[in-house]
Amino acid sequence: MPSPPPRSTGFANPSDPLALSQASKLASAGSYRRSVRLPRSVRGELATLAAATRRAADSGLKSGVTQLQRTLLHRITMGPSVADYARIEAIGYRAYLDEQLDYESLDDRELEDSLAAELPTLEMSAQTLFREYGDNPFIPILELWIATVLRAVYSPRQLYERMTVFWTDHFNIDIFVQPQPQLRPVDYRRVVRAHAMGTFPELLSASAHSPAMLLYLTNDTNAKGHPNENYARELMELHTMGADNGYTETDVKEVARCFTGWTWVSPFRDRGEVGTFQFQDADHDTAKKKVLGTSIAAGGGIGDGETVLDILVDRKETRQFIASKMLRWLWGYEPRKNAIKRVAKAYKKSGGDIREMLREALSKKRLGSATTKLKRPFHLTSATLRAMGAEISDVRFALQGLRETGHIPFSWGPPDGYPDSVEYWSGLILPRWNSAAKLFESQGLSWDPSLDDASGTPQSIVDRLDTTFLGGTMTKATRQQIESYLGGKSITRKRVREAISLTLSSPEFQEY
């Protein structure tokens, strides 16, 4: 028996201007807290280091970070902080990369313990979320948003956080489809975050068994005699082999047959732990099948789907597709064929170990020829807050800016994930600039006073902004523009903040 159709959460999509305010309003009913109290040791560290760096810049001290080291920082962080610059200067390119790849060695316990205490839905099972928040799905959504922003800004595990964004888009699920507010947070925890730096076969398997994914791609209506090809098609097109790349319509139909009966325990129809994976043997097509030239014997049961996953993760097309997409994420929009070949080879040699693929993709040889990319709004917001040493107590200002720029996490409707293309995001330049201008009007955000200190000459202030936000890479044209702006009138804190907005709107900061 199929599940009832997905239900709306109450507004059409997250670009609806009412979405954020409605979520906040409904979530605030009762005793819900709107702010998150992170320890001073977490939220204050960036501010303290940023202030120290600005003092050094005011004293004329220059960073010894090389251009290649800067490139690495920009590709594997959510935006380099002054702490990142200091760390890579101290230990070097290779050691910094190794440290980020060995992310478990980077202590984030204070941050994660605080998030768990302040945002309890993050660790809840789907069954608990259905029971506690079935009538108010906005609280799990809002808490997941808050945690995602705070992790991007404050986590020392920056490469890990970058990869959680990558895999979130790769295995996209729109949280604004009911009942995803109860399922998607669990998927994000147990699929994306659990396997973001593990192996691709394990990640794919976790996604294939995810109730959130099975619901989103309607495999929970896939039964013998009434096949649903949606998950089968996206499994090959988006998750593994790539579009029109080595499979046929017959393969799609056969894969769909292999996944008949793969569903989840629904509160609308089933018994058992709500929100967990379930195989319905009675709905499974038990006849023999043939997928991509491999015969699958009759009577395989749940093993038919498992066999398909094994076939797909071992395909050359999958290795190349994942390698190409990873390089596009980390290297540039048009990765070179030889680089794709090398990363795909790392996949094959390691059995799909994501860290080994990253090690190859982020090697000096690779990044030495990396091409410029445009920061997507979430990346841009995180980079701004990390560079300024922000102390955040209420994330809603950031969420509002992300809504205006079209990039609130977990809110892309189609299954292909938010675009990773300059063509898409360059059409939203004005909202990007406006978000920078509004930064200093934000509630829930504080910073060290040295950031917008109005003392000094236009040249010394620009030096400070260059060090803080651009790592010493400000171009002559940008410098002349901002110095001219500051020199036109008496310098006040307001004018310095406007100069900061100009810095944040410069190509040097918008791109990486």
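Every number here is computed from the coordinates shown, using simple stated rules; none is lab data. What you see is a predicted model; the values in this text were computed from it and never measured. Here the Cβ is made from the backbone with ideal geometry for all residues, glycine too, and neighbour counts use every protein chain on show.
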Quiz item: For LYS288, which lysines qualify as cross-link partners when the Cα separation must be under 20 Å and same-chain residues fewer than eight apart are set aside?
Solution: LYS224, LYS253
Self-check item: Inter-label distance, nm, simple model (7 Å from Cα along the C-beta direction), LYS349/GLU132
Solution: 4.6 nm
Practice problem: Could you tell me the distance between the Cα centroids of the range 349-389 and the range 309-331, to the nearest Å? | Solution: 17 Å
Exercise. Name the residues whose placed amide hydrogens come within less than 5 Å of the amide hydrogen of THR199, ignoring near sequence neighbours (fewer than 5 apart) on the same chain.
Key: ILE354
Self-check item: Percent RCO, i.e. relative contact order, over the chain, from Cα pairs under 8 Å lying at least 6 residues apart
Solution: 20 percent
Quiz item: Applying the Karplus parametrisation 6.51 cos²θ - 1.76 cosθ + 1.60 with θ = phi - 60° to the phi angles of the range 299-310, what ³J(HN,Hα) value in whole Hz is obtained for each residue in order, glycine and proline being reported as x?
Solution: x, x, x, 4, x, 4, x, 4, 5, 4, 4, 4
Quiz item: Ordered by residue, what ³J(HN,Hα) values in Hz, to whole numbers, does the range 173-183 give under the Karplus form 6.51 cos²θ - 1.76 cosθ + 1.60, where θ = phi - 60° and Gly and Pro are x?
Solution: 9, 6, 6, 8, 10, 6, x, 4, x, 8, 9
Practice problem: Name the long-range amide H neighbours of TRP264: under 5 Å, sequence gap of 5 or more, or other chain; modelled H, no Pro or chain starts. | Solution: GLN278
Quiz item: Can you give the calculated 222 nm mean residue ellipticity of the chain, where each DSSP H run of n ≥ 4 adds -39,500 (n - 2.57) and the sum is split over every residue, rounded to the nearest 500 deg cm²/dmol?
Solution: -15500 deg cm²/dmol
Quiz item: By how many degrees, between 0 and 90 and to the nearest 10, does the Cα long axis of helix 337-350 differ from the longest principal axis of the chain?
Solution: 60 degrees
Practice problem: Any chance you could run the full-extension gain for THR473 through THR276? It's 0.36 nm times the residue separation minus the Cα-Cα distance, nm to one decimal. | Solution: 65.9 nm
Exercise. Using only Cα atoms, tell me the angle between helix 40-58 and the longest principal axis of the chain; keep it within 0 to 90° and round to the nearest 10.
Key: 40 degrees
Quiz item: What are the residues whose amide H is under 5 Å from the amide H of VAL291, where those residues sit 5 or more places off or on another chain and H is modelled from the backbone?
Solution: ILE296
Quiz prompt | the range 453-510, relative contact order [Cα under 8 Å, separation at least 6], % | solution = 44 percent
Quiz prompt | Among GLY472, THR492, SER455 the positive-end extreme of the charge dipole of the range 453-510 (Cβ point charges) | solution = THR492
Practice problem: Determine, for each peptide in 185-191, 66-72, the mean count of other beta carbons within 10 angstrom over its residues, then list the peptides with the highest first. | Solution: 185-191, 66-72
Quiz item: So what's the angle, to the nearest 10 degrees on a 0 to 90 scale, between helix 316-330 and the longest Cα principal axis of the chain?
Solution: 20 degrees
